[in-house]
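Following: one structure in structure tokens, then a few remarks.
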Amino acid sequence: MDFDYSPKVKDLQKRVQQFMSEHVYPNENLYHEQVDSQSDRWQIPPIMEEMKAKAKTAGLWNLFLPESGRGAGLTNLEYAPLCEIMGRVHWAPEVFNCSAPDTGNMEVLERYGTEEHKKQWLEPLLEGKIRSCFAMTEPAVASSDATNIESRITRDGDFYVINGRKWWSSGMGDPRCKIIIFMGKTDPNNPNRYKQQSQILIPRDTPGVKVLRMLSVFGYDDAPHGHAEVEFKDVRVPVSNMILGEGRGFEIAQGRLGPGRIHHCMRLIGQAERALEKMCKRAKARVAFGKAVSERTVTQERIAESRILIDSARLLVLKAAHMMDTVGNKAARKEIAMIKVSAPNMALQVIDWAMQVHGAGGISQDFGLASAYAQARALRFADGPDEVHRNQIARLELQLHE
């Protein structure tokens, strides 16, 4: 494996870093001030749309999507370091139109959608004019086993009728959310448990779609993006809204989640790098018991361990991305599972040490570490919990010794 990035990637790294320095970092406080100062927190802060326009003009737009000439034509390995840079600020990926769940939903529409789907939904998503939601997880069942899904998609002539309740439906709080990709069962009696599910497009304003509540993570509501509990009651959409065909929901999900896990993990590495940077600066500036905190061996050990953990996780993620590009997602499934366990736990440890160096301020809203910790902890569930991935890693490892 060649560890050096191509000239194309190095140029994009430089440009994304420069954009972050010139536009994103200086506006971090303003972004949160605008969200918090609005009478309705679920409105878009003006600074976001201003930065998006600048990123589009700079050609730093849709970098995640390789297919069909619509994106930057980058492989998973090429996009990974750019994703890390964007991930240093939680909301920054949206500036470049590279944020979840839109990235995964756009990939689904690009790979599996009809020309009608692409024209109606993919094109405005690629332009950053609308946003989207992915509705899969359900409150009534253990969704770590996605075959447990109980929501129903029932054919009724030229329509499908959808009933069910979802939660952690990312993006439903955003007023620009116009389309939902919904996963439910079309054939619950199919003996093949992986052929029972389908994915279908539901316009956000369809009658019967009702947001019951917005959910928080350790008190953070992630406004104006948000994660919702949503009721779907007798929701009717045309048969043409079915993606790829009945019974192919798992196939679509696997195609969606592979790249998404790379993205999540690289963004987490960006968060961890930022936490380590804050840890070092704070340790050098704080004096306790007559010494700079940076001179304490316990702090030095934590800084060293943080560097080891971050670099180890990055190498593992880049290996997984390389394998996805060269041998495909299925052959890389063990490596993808490994990074999904490794990266969130690494980030949690580094952020925790950074909070400790900051003292009580580390758990306040002043340094961004508490919210970063909440985000990293949530990612031990998103796209499958640690336990599921560890089980898969163990099974694949045991197969080597049969």
task = Kindly flag which residue pairs out of 56/129; 195/334; 118/178; 8/334; 14/56; 14/319 have an alpha-carbon separation exceeding 18 Å in this structure.
result = 195/334; 8/334; 14/319
ask   = In whole Å, what is the distance between the alpha-carbon centres of the range 67-127 and the range 264-313?
value = 32
query = For residue 363 and residue 28 in the same chain, what is the full-extension length gain: residue separation times 0.36 nm, less their Cα-Cα distance, in nm?
reply = 118.8 nm
task = Taking H placed 1.01 Å from N in the peptide plane, check which residues at least 5 places from residue 177 or on another chain put their amide H under 5 Å from its amide H.
result = 131
request  = Return the ratio Rg/(2.2 N^0.38 Å) for the range 155-211, where Rg is computed over Cα atoms only.
outcome  = 1.26
ask   = With the dipole of the range 7-113 worked out from charges on the C-beta (+1 for Lys and Arg, -1 for Asp and Glu) around the Cα centre, which of 9, 38, 80 lies farthest toward the positive end?
value = 9
ask   = Exactly which trypsin sites (Lys or Arg not before Pro) in the range 226-332 are in a DSSP loop and have at most 12 other Cβ atoms within 10 Å?
value = 330
ask   = Seen from all sides and averaged, what is the projected area of the convex hull of the Cα atoms in the chain, in nm²?
value = 21.4
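Only four residue types carry charge here, +1 at the Cβ of Lys and Arg and -1 at the Cβ of Asp and Glu. Report the dipole size of the chain about the Cα centre in Debye, rounded to the nearest 20.
So the dipole magnitude of the chain works out to roughly 400 debye.
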query = Among 211, 139, 237, whose Cα sits farthest toward the positive end of the charge dipole of the range 131-243 (+1 at Cβ of Lys/Arg, -1 at Cβ of Asp/Glu, about the Cα centre)?
reply = 237
query = When averaged across all projection directions, what area in nm² does the alpha-carbon convex hull of the range 250-399 cover?
reply = 9.7
inquiry  = Can you work out the Karplus-derived ³J(HN,Hα) for every residue in the range 383-390? Use 6.51 cos²θ - 1.76 cosθ + 1.60 with θ = phi - 60°, whole Hz, and x for glycine or proline.
reply    = 6, x, x, 3, 4, 5, 5, 5
Under the Karplus curve 6.51 cos²θ - 1.76 cosθ + 1.60, θ = phi - 60°, whole-Hz ³J(HN,Hα) for the range 46-52, x wherever Gly or Pro sits = x, 4, 5, 5, 5, 5, 4
note = In nanometres, the difference between 0.36 nm per residue of separation and the alpha-carbon distance of residue 254 and residue 152 is 34.7 nm
key: 10 Å Cβ shell holding at most 12 others, DSSP loop, chymotrypsin sites (Phe, Trp or Tyr not before Pro): longest site-free stretch of the chain   = 4-217
note = Among 384, 171, 208, the residue with the largest mean-square fluctuation in a Gaussian network model of the chain built from Cα contacts under 10 Å is 208
ask   = Out of 338, 394, 276, whose Cα points farthest toward the positive end of the dipole of the range 274-402 (charges: +1 Lys, Arg; -1 Asp, Glu; placed on Cβ)?
value = 276
inquiry  = Given the -39500 (n - 2.57) contribution per DSSP H run of 4+ residues, what per-residue ellipticity at 222 nm results for the chain, rounded to the nearest 500 deg cm²/dmol?
reply    = -15000 deg cm²/dmol
query = What list of ³J(HN,Hα) couplings, whole Hz, do you get for the range 89-104 from phi and the Karplus terms 6.51, -1.76, 1.60, once you set θ to phi - 60° and write x for glycine and proline?
reply = 10, 3, 8, 4, x, 5, 4, 9, 6, 10, 10, 7, x, 4, 4, x
query = Any idea what log10 I(q)/I(0) is at q = 0.16, 0.19 Å⁻¹ for the range 131-243, Debye with uniform C-alpha scatterers and no solvent?
reply = -0.69, -0.95
remark   = quick note, the range 131-243, DSSP beta bridge pairs, % antiparallel (nearest 5) is 85
query = For the range 132-204, what is the charge dipole size about the Cα centre, in debye to the nearest 20, if Lys and Arg each add +1 at the Cβ and Asp and Glu each add -1 at the Cβ?
reply = 120
message = Going by amide H atoms built from the backbone, whose H comes under 5 Å of the H on residue 230, apart from near neighbours?
response = 166, 167, 212
message = I'd like the distance separating the alpha-carbon centroids of the range 324-378 and the range 219-239, in whole Å.
response = 26
Residues with amide H under 5 Å from that of residue 220, placed H, sequence gap 5 or more = none
request  = Mind pulling the per residue volume of the convex hull built on the Cα atoms of the range 1-93? Å³ is fine.
outcome  = 107
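Treating only the Cβ of Lys, Arg, Asp and Glu as charged (+1, +1, -1, -1), what charge dipole size does the range 33-113 show about its Cα centre? Round to the nearest 20 debye.
Here the range 33-113 has a charge dipole of around 180 debye.
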remark   = In vacuo Debye sum over C-alpha of the range 269-309, base-10 log of normalised intensity I(q)/I(0) at q = 0.14, 0.31, 0.35 Å⁻¹, listed in q order, is -0.30, -1.05, -1.17
Contour excess over end-to-end distance, with Cα ends at residue 289 and residue 39 and 0.36 nm allotted per residue = 85.5 nm
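Read-outs throughout are calculated quantities, based only on the coordinates presented, and are distinct from any laboratory measurement. Bear in mind the structure is a predicted one, so any value in this text is a computation, not a measurement. Please note: Cβ atoms are built from the backbone with ideal geometry, for glycine as well, and neighbour counts cover all protein chains shown.
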